[in-house]
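Below is one structure; the comments refer to it alone.
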Amino acid sequence: MKIGILGGGQLGRMFIQNALNYDDEFYTLDPASDAPCHNISYFTQGNFNDYQTVLDFGKDKDVVTIEIEHVNADALAELENQGVKVVPNAKIVKTIQQKILQKEFYKANNIPSPDFEVMWDGNAKIMMPLPFVQKMNTGGYDGKGVQVIRTEEDYQHLWKEPTVLESLVDIDKELSVIVARNENGETKTFPVTEMVADPKLNLLDFNICPTQLSEDVQNQIRSITETFLATVNSPGLFAIELFLDKEGKVWVNETAPRLHNSGHQSQEGNANSQFEQMYRVVKNLPLADTDTFTYSGMLNLVGAEGFSGKVIYDGLDEVLKLPKTYVHLYGKTETKPGRKMGHINVLADSREELMDKLIKVKAMVKVRA
């Protein structure tokens, strides 16, 4: 099959690396000439937000998928009209890429998500009690397009464009669960992972699997995933980001209709990775076993503050000496502060050992120029 991917970043790169176990042709579209997929696929440099560019890219493909949701969903809909298979479908991409539609989807389907109101412009009267979170309707990614409004003085910092105002959850843990559905309606769910964020960068720092959750919390998550998969009405792989509050209630933060940073530890920690699962979804094959082997975790490698330029990885030689430790670099030649450059997966026999190893590895590596 000719498989087209909108986006040529690290997610597409790792998808293709895994899918090379099979026999297909892979085409990618990305605005950056040196995108991570440019040298491992039939690469087209172009804007995946431009209607005609997406249409021209996808019209001769057997299937078109995405590795970033901020693409032209109208072009995806037209490709569907022309008989091209689009995974996930254009309707759910359009719903998820707009926070307002995404929140309304949760509300309509009784999926627990924090209370919200929509602010279309800066002149609206705000009813949401303080403190609350403001999320841009479109374009937010990796912690960007999100801010917390805590006091009346903070109102001066409100963005004036269409946004969602959302109740602030008293968070105990941030969790993620990756689910998959193929065209035949078969579904699979990966074990829940715990996400530990870097408070300064607002990016994922560590990812830990399995999590330590009560039976009640696990049941809440199971209900959320079952409802989502029953109502999404599209094949695809989806990362559902969750909040567990301090009273034991689970809330959906948001969903990504694609491969996700919170699933990277599945490369070595699970019977099959999220990338294998995504391939099977795209091809409408039987879905893969998602069982965990042991405790697994992931550490993001991000550009250090104060460094921009040709990347240098300090400490990788020492990391490569460690047992059950796996380095994944993204093929990006230029680093800048906070840029995701790679990740390291670690396996361990206990949660305590896993955390010790992740902290040790983080201290060993520096991404600089």
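Where a number appears in this text, it was derived from the coordinates with a stated rule and is not lab data. Keep in mind the model is a prediction, meaning the values are calculated, not measured. With ideal geometry, Cβ positions are generated from the backbone for all residues, glycine too; neighbour counts draw on all protein chains shown.
Which of the pairs K173/K246; K246/K360; K310/K340; K310/K357; K188/K249; K332/K366 have their Cα atoms more than 20 Å apart in this structure?
As for pairs spanning more than 20 Å Cα to Cα, those are K246/K360; K310/K357; K188/K249.
Run the helix sum for the chain: -39,500 (n - 2.57) per DSSP H stretch of 4+ residues, divided by residue count, reported at 222 nm to the nearest 500 deg cm²/dmol.
Calculated from helices alone, the mean residue ellipticity at 222 nm is -7500 deg cm²/dmol.
Across region 115-167, what fraction of all alpha-carbon pairs, as a whole percent, falls in each successive 5 Å bin from zero upward?
Going from the shortest bin to the longest, the percentages are 5, 22, 33, 30, 8, 2.
Putting +1 on Lys and Arg Cβ atoms and -1 on Asp and Glu Cβ atoms, find which of L354, I3, V282 reaches farthest to the positive end of the dipole of the chain.
I3
So what are the ³J(HN,Hα) numbers for region 261-267, from phi and the Karplus equation (6.51, -1.76, 1.60; θ = phi - 60°), rounded to whole Hz, Gly and Pro as x?
Running phi through 6.51 cos²θ - 1.76 cosθ + 1.60 with θ = phi - 60° gives 3, 6, x, 5, 5, 5, 4 Hz.
Could you list R13, R150, R181 in order of exposure, starting from the residue whose Cβ has the fewest other Cβ atoms within 10 Å?
Going from sparsest to densest Cβ surroundings: R150, R181, R13.
May I have the convex hull volume per residue, in Å³, for the Cα set of the chain?
Roughly 145 Å³ of hull volume per residue.
About its Cα centre, what dipole magnitude does region 171-368 give when the only charges are +1 on Lys and Arg Cβ and -1 on Asp and Glu Cβ, stated in debye to the nearest 20?
Roughly 780 debye for region 171-368.
For the chain, what is the percent of antiparallel DSSP beta bridges, rounded to the nearest 5?
80 percent
For region 33-42, just list the computed ³J(HN,Hα) in residue order, Karplus coefficients 6.51, -1.76 and 1.60, θ = phi - 60°, integers in Hz, with x standing in for Gly and Pro.
5, 10, 4, x, 8, 5, 10, 10, 8, 6
Dipole magnitude of region 2-87 about its Cα centre, charges +1 at Lys/Arg Cβ and -1 at Asp/Glu Cβ only, in debye to the nearest 20?
The dipole magnitude comes to about 120 debye.
Compactness ratio of region 2-87: Cα Rg over 2.2 N^0.38 Å, N = residue count?
Dividing the Cα radius of gyration by 2.2 N^0.38 Å gives 0.97.
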